[in-house]
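Step one of this worksheet: look at the structure below.
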Amino acid sequence: MRPLIVTEFVSLDGVYEEHSPWRAPYDPDDGPFKRDELFASGALLLGRTTYEGFAAYWPTATGAFADRMNALPKYVATSRPGPLGWNATALGPDVVAIVQALKAQPGGPLLVYGSGTLAQTLLRHGLVDELRLMVFPVVVGHGKRIFDTLEHLPLTLLATRALGAGVLLLTYGPARP
């Protein structure tokens with residue numbers, strides 16, 4: 001069974017999306033962690049908003065990271081009809097069942113970048129094998145929080161790593177009894 005990994009940029013107070021800029025600039029070509037993570041993955045799972053942002057940027061980007069991003073198959077949680085393009089397939093109405101089927105297939109890890117609503121759904125249904133939080137040293141105070149829709153989610157800390165500029169990578173897995 002292939003693992004499902006969620007990676008989120010979050011503030012100290014758990015905000016992952018807010019319209020004013022709060023994150024320090026982050027260049028994936030400068031970040032060995034993001035590079036290693038992307039190159040180890042077998043496919044991307046994306047929410048519609050993240051997909052649209054990525055699809056507008058990555059197809060014209062250059063370099064090894066962009067080449068890998070463009071080559072990977074992408075599965076998108078969307079209810080909008082019509083073709084997606086950029087090597088992407090819509091997950092369909094039963095996201096949970098389809099992701100369970102994708103996890104059962106052979107291949108490298110399924111990687112969720114951003115896509116907070118999708119990440120929350122996957123966490124709620126116990127489909128996430130690793131939750132990687134890149135915690136930026138800022139309190140935003142308002143915005144969408146990664147755990148707002150989750151009531152009880154026991155996790156086990158698997159690893160910590162300093163990424164520079166005060167950013168910490170906290171890797172969690174589901175708590176096992």
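Bear in mind that the values in this text are calculations on the coordinates, not laboratory data. Every value quoted in this text rests on a predicted model; they were computed, and no experiment measured them. Backbone-built Cβ (ideal geometry, glycine too); neighbour counts: all protein chains shown.
Which lysines does residue 34 reach when only Cα atoms under 21 Å apart count, and residues fewer than 8 places away in its own chain are ignored?
74
Take region 30-132, compute every pairwise Cα distance, and split them into 5 Å bins from 0; I just need the percent in each bin.
The calculated distribution, bin by bin, is 2, 12, 24, 26, 21, 11, 4, 0.
Residue 159: net charge of surrounding residues, Cβ under 15 Å, Lys/Arg +1, Asp/Glu -1, itself excluded?
That works out to -2.
Which peptide among 116-124, 132-140, 78-86, 62-70 comes first, and what is the full order, when sorted by highest mean count of other Cβ atoms within 10 Å?
Ranking, from highest mean packing down: 116-124, 132-140, 62-70, 78-86.
So what does log10 I(q)/I(0) come out to for region 93-177 at q = 0.16, 0.17, 0.26 Å⁻¹, using the Debye formula with one equal point on every Cα and no solvent?
-0.75, -0.84, -1.48
In cubic angstrom, how much convex hull volume per residue do the alpha carbon atoms of the chain span?
That works out to 125 Å³ per residue.
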